[in-house]
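What follows is calculated from the coordinates using simple rules that are stated; it is not laboratory data. It should be emphasised that the depicted structure is a prediction, and the values quoted were computed from it without experimental measurement. Note that we place each Cβ from the backbone using ideal geometry, even for glycine, and neighbour counts take in every protein chain shown.
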Amino acid sequence: MSTMPRWGGRRVVVTGANGFLGFHLSRRLLDLGAAVTAVVRPGANLWRLTSIAGDLDLVSAELADLPRKEVLSRLGDPDVVYHLAAAGTNQSVHEPEVVLQGNVVGIRRVLEAVRVLGGPRVVAAGTAFEYGAGSRLREDAPLRPLTVYAASKAAAHLLAHAEARMAGLSLVTLRAFSVYGPAQSALFLIPHTILSALSGSQIAVSGASQMRDYVFVNDAVDAFIKAADCGGDGEVYNICSGIETSVRDVVTLVIEATKSGRAATFRDAVSGHHELAVCSGSAEKARAGLGWCATTTLADGVGQTVSWFTQNAFLYERLAAQ
């Protein structure tokens with residue numbers, strides 16, 4: 001594997017920096033010596049950024065406002081723009097208009113700002129759910145999204161790449177599969193299972209036979225770092241392990257790692273028409289184009305995640321009380 005490019009003195013903009021992946025990417029960029037401007041929504045909860053906020057240039061702005069002069073002046077002269085802000089991961093059924101505005105119109109506004117800023121490379125976060133169901137999906141697989149969120153991300157991808165080609169902008173999309181790790185939202189499977197096991201709550205799991213492709217967040221961040229300098233303009237790369245693991249197996253592994261002595265109740269039936277029986281990807285294109293592959297085993301990644309949550313469960317208790 002190639003070494004990481006040098007980042008000392010480089011300027012970077014990260015939208016959605018207060019999110020799970022945005023936080024981990026921002027922290028890594030700071031560690032590498034980059035100057036990071038973190039764009040967050042007004043009123044956003046910044047609990048993840050507490051430990052690094054003093055090293056970030058925080059810009060509170062809606063994506064719709066990015067092309068405005070007063071906001072552009074805060075973004076400086078970036079070498080790379082990471083677009084990770086997204087709407088709808090937990091609300092696509094209830095607020096489709098918000099999702100479409102946030103994801104489709106949002107990426108248009110990012111590209112408008114990028115044009116004014118002189119055309120730095122844009123690395124955008126996509127999602128495996130754009131594909132719909134499939135095993136070891138490649139990047140040329142047809143897009144068959146099953147939710148408003150997934151459809152909005154697919155539409156955003158198509159629109160953004162068309163506009164980038166017309167404007168001569170450098171845009172790369174990374175479609176992340178099931179990324180997990182420290183500081184992830186408790187609404188997701190692995191954090192929810194850990195917190196339930198640690199608190200002694202009931203662990204009831206539906207869709208236990210579903211197969212997913214899990215990627216530890218540090219590995220995913222490696223891919224985003226590499227994509228700043230590697231990969232062709234207009235390309236899409238899967239960020240995945242290429243390994244299928246059932247929900248039942250990952251929950252069992254997580255509970256064992258907590259050493260809580262808890263047991264889960266599993267139900268095999270998929271609990272909705274939008275649920276995917278299997279969603280896994282091929283990482284061959286990322287290996288060839290980015291020099292990247294996932295290196296953290298599921299057991300090691302789960303172990304690190306459990307260790308973090310064991311020490312930081314109180315943060316989630318505070319969030320629940322808000």
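Per-structure values
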{"read-out": "DSSP bridge orientation in the chain - percent antiparallel, rounded to nearest 5", "value": "5"}
{"read-out": "The chain: relative contact order in percent, alpha carbon pairs under 8 Å with at least 6 residues between", "value": "17"}
{"read-out": "Local electrostatic count at Gly106 - Lys and Arg +1, Asp and Glu -1, tallied over other residues with Cβ under 15 Å", "value": "-1"}
{"read-out": "Full-stretch length increase - Ala277, Arg74 - with 0.36 nm per residue and alpha-carbon distance subtracted", "value": "68.6 nm"}
{"read-out": "Ordering of 223-230, 200-207 by packing [mean C-beta count within 10 Å, highest first]", "value": "223-230, 200-207"}
{"read-out": "Nearest 10 degrees, 0 to 90: helix 148-167 Cα axis against the chain principal axis", "value": "20"}
{"read-out": "Cα centroid of the stretch 152-221 to Cα centroid of the stretch 283-298, whole Å", "value": "16"}
{"read-out": "³J(HN,Hα), Karplus 6.51/-1.76/1.60, whole Hz, each residue of the stretch 284-289, x for Gly, Pro", "value": "5, 5, 5, 4, 6, x"}
{"read-out": "Choice from Arg27, Arg212, Arg68 with maximal GNM fluctuation in the chain (Cα, 10 Å cutoff)", "value": "Arg68"}
{"read-out": "Reach of Lys153 by Cα under 30 Å, taken over lysines that are not fewer than 8 positions away in the same chain", "value": "Lys69, Lys226, Lys285"}
{"read-out": "Added length on full extension, which subtracts the Cα-Cα distance from 0.36 nm per residue, Leu46 to Arg144", "value": "31.9 nm"}
{"read-out": "Full-stretch length increase - Ala288, Glu163 - with 0.36 nm per residue and alpha-carbon distance subtracted", "value": "42.4 nm"}
{"read-out": "Amide H partners (placed H, <5 Å) of Ser282, local residues excluded", "value": "Leu137, Arg138"}
{"read-out": "Cα Rg, Dmax (largest Cα-Cα span) when computed across the stretch 1-114, Å", "value": "14.3, 44"}
{"read-out": "Radius 15 Å from Cβ of Leu46, net charge of other residues (Lys, Arg +1; Asp, Glu -1)", "value": "+2"}
{"read-out": "Surrounding net charge for Val14, when Lys and Arg each add one and Asp and Glu each subtract one, Cβ distance under 15 Å", "value": "+4"}
{"read-out": "Fewest-first sequence of Trp7, Trp292 by Cβ atoms within 10 Å of each Cβ", "value": "Trp7, Trp292"}
{"read-out": "Charge dipole (debye, nearest 20) of the stretch 173-258; +1 at Cβ of Lys and Arg, -1 at Cβ of Asp and Glu", "value": "320"}
{"read-out": "Rounded to whole Å, sorted largest first: equivalent-ellipsoid semi-axes of the chain, Cα gyration tensor", "value": "31, 22, 19"}
{"read-out": "Nearest 10 degrees, 0 to 90: helix 247-258 Cα axis against the chain principal axis", "value": "80"}
